[in-house]
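Below is one structure, written out as structure tokens; the observations come after it.
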Amino acid sequence: VQQLDDPPAAIVVSVGGGGLLCGVLEGCARQKLATTKVIASETEGASCFGQAWEKGDVVVLPGINSIATSLGATSCTPVALERAKDHQGGFAAAICTDAEAVDACVRFAQDHRLLVEPACGAALAVAYSKRLRDVHLKDVDGPIVLEVCGGSGVNVDLLHSWKKEHLD
């Protein structure tokens, strides 16, 4: 944030149990980013936060049914829901498909020569997927920060197999 000339208009972060999201929201509060929209993204088969956000209360998934297993949590912390509700800049929960997450990983690798896991691809999908971009970024005017993390569990062979399974 301190590297930007203007405050970010939006921050997109992958979410599972809510720990990273809590940190991002705390950072927004400390940096007084009252107009920055925060978008938490996860895959359909690991959407404990998105379902909780929609319901307004913590939900418990019966299991994780997603390629984004490093993101997966069967429930989110209630603190993440509270902080998201209290964030003044606007908040959204995005849910992508496994295919959208994998496509984002592949495109990110092509664009930046960096490998990331599908859990990270969930956040990247908000930028790479037209469907998600049209919903979550249509009114965003200004810099967008994408939290890119989660590459220790990926290699070229895995990325190729994910692409073959979900995109071919």
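The values are calculated or read from the model by the stated rules, or taken from the named source; none is laboratory data. Keep in mind that this is a model prediction, so the values were computed, not measured. Every residue, glycine among them, receives a Cβ derived from its backbone with ideal geometry; neighbour counts consider all protein chains shown. Side chains included, ligands, DNA and RNA excluded: accessible areas come from the protein's heavy atoms. Shrake-Rupley method; radii C 1.70, N 1.55, O 1.52, S 1.80 Å.
If I filter the range 5-32 down to residues being modelled with pLDDT under 95 and within 17 Å of Leu137 (Cβ to Cβ), which single residue comes out as farthest from the chain's Cα centre (by Cα)?
Ranking the qualifying residues of the range 5-32, first place goes to Asp6.
Looking only at residues that are of a type in the set (A, V, I, L, M) and more than 23 Å from Gly27 (Cβ to Cβ) in the range 69-100, which one is most open to solvent (accessible area, probe 1.4 Å)? First the steps, then the outcome.
Of all residues in the range 69-100, those of a type in the set (A, V, I, L, M) come to 71, 73, 79-81, 84, 92-95, 99.
Applying the additional criterion that residues be more than 23 Å from Gly27 (Cβ to Cβ) yields 95, 99.
Working: Ile95: 56, Ala99: 36 Å².
If we take residues in the range 69-100 being of a type in the set (A, V, I, L, M) and more than 23 Å from Gly27 (Cβ to Cβ), then Ile95 is most open to solvent (accessible area, probe 1.4 Å).
At least 3 residues that are among the small types (Gly, Ala, Ser), closer than 19 Å to Leu146 by Cβ and touching a residue at least 60 places away in the same chain (Cβ under 8 Å) in each: list the helices (runs of 4 or more DSSP H) lying fully within the range 19-128 that qualify. It would help to see each step written out before you state the result.
Values: elements: 19-30, 48-55, 78-86, 98-112, 118-128.
By residue number, 118-128.
Would you confirm whether any residue within the range 19-33 is of a type in the set (S, T, N, Q) and surrounded by 19 or more Cβ atoms within 10 Å (Cβ to Cβ)?
From the range 19-33, those of a type in the set (S, T, N, Q) are 31; that's our starting set.
If we keep only those that are surrounded by 19 or more Cβ atoms within 10 Å (Cβ to Cβ) too, we end up with none.
Checked the range 19-33: no residue is of a type in the set (S, T, N, Q) and surrounded by 19 or more Cβ atoms within 10 Å (Cβ to Cβ).
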